[in-house]
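Notes to accompany the following structure.
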Amino acid sequence: MKKIVLLLAGVLYLGAASFAQDDKYTAAMAGKVVAVDTSKRADDLIALSASFERIADAEKTKWLPYYYAALTQVNAALMMSMEKPDAAKTDPIADRAEALLSKAEALSKDNSEIYLVKKMIATTRMMADPMTRYMQYGPKAEEALQTAMKLNPENPRVYMLQGQDKFYTPEQFGGSKEEAKKLFELSNKKFETFKPASAIDPNWGRSTLKFFMSQYPA
């Protein structure tokens, strides 16, 4: 009887310790996840990526920290490319994002969110030199986006990224501001019903979508 009591006590202790560890992990992630959508400088995003990577290396079995570390890296590179395309600066960041994302994918297969970041990495590489890189990275970006859609057709970020592509692509190459508007509206509709799996699961994009929708007169 004494052994059974001790065994139950040990199980309860391990369970409580596990919950405490999860609470600590969630608390460490929560503020940083909010900053993914609010950071406005490339340097801040790179620093945020390093913070996520430290959490990832400590946890080792959770995909989200590696995912966010990759996402913030690629967002920094995209921000830099929008200001001034420079492959010498953004290619190493894309490489780093890709390495981090591979670690996330090893922990979470067939994940729509991971394929969206793959799309963003390919877009980053293409934006560094669109004239010479489109044929190599354009199809990769589109393939990753289509896979993300197949894995989760309700993911609002899929349609937001599609809309961005249409918005920025010249009409002679298939772009369309009106088609972009329809995609942004669809993304907004998906956001209205989208529920992330937890408080720290991917839920970014609303502020970006708001900016693009503001480009259209009411």
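Key figures for this structure:
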item	result
Complete set of residues in the range 154-168 that are buried (at least 17 other Cβ atoms within 10 Å of the Cβ) and either modelled with pLDDT under 95 or polar (S, T, N, Q) (or both)	N155, Q162, Q164
Members of the range 169-218 found to be exposed (fewer than 12 other Cβ atoms within 10 Å of the Cβ), within 23 Å of the chain's Cα centre (by Cα) and of a type in the set (D, E), listed by number	E192
Evaluation of K103 against (1) under 30 Å from S214 (Cβ atoms); (2) surrounded by fewer than 23 Cβ atoms within 10 Å (Cβ to Cβ); (3) touching a residue at least 24 places away in the same chain (Cβ under 8 Å) (one fails), failing number	(1)
Among residues of the range 51-88, those that are in contact (Cβ under 8 Å) with a residue 12 or more places away in the chain, assigned to a helix (DSSP H, G or I) and more than 21 Å from K118 (Cβ to Cβ), counted	3
Residue in the range 46-56 that is farther than 14 Å from P202 by Cβ, modelled with pLDDT of 95 or more, surrounded by 21 or more Cβ atoms within 10 Å (Cβ to Cβ) and of a type in the set (D, E, K, R) present	no
Cross-chain or 6+ apart pairs with Cβ under 6 Å, the range 155-175 first and without any contact (Cβ under 8 Å) to a residue 60 or more places away in the chain, then acidic (D, E) and part of a helix (DSSP H, G or I)	K166/E179
Of all residues in the range 106-123 being of a type in the set (D, E, K, R) and free of Cβ contacts under 8 Å to residues at least 40 places away in the same chain, the one that is surrounded by the fewest Cβ atoms within 10 Å (Cβ to Cβ)	K109
Some residue of the range 92-115 being at pLDDT below 95, out of contact with any Phe, Trp or Tyr (no Cβ under 8 Å at 6 or more places or on another chain), of a type in the set (A, V, I, L, M) and assigned to a helix (DSSP H, G or I)	no
Segments classed as helices (runs of 4 or more DSSP H), wholly inside the range 124-218, with at least 1 members that are closer than 21 Å to V34 by Cβ	156-168, 177-193, 206-213
Considering residues of the range 124-139 that are of a type in the set (D, E, K, R) and in contact (Cβ under 8 Å) with a residue 24 or more places away in the chain only, the residue surrounded by the fewest Cβ atoms within 10 Å (Cβ to Cβ)	D129
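The values are calculated or read from the model by the stated rules, or taken from the named source; none is laboratory data. Keep in mind that this is a model prediction, so the values were computed, not measured. For neighbour counting, all protein chains shown are included, and Cβ atoms are generated from backbone atoms with ideal geometry for every residue, glycine included.
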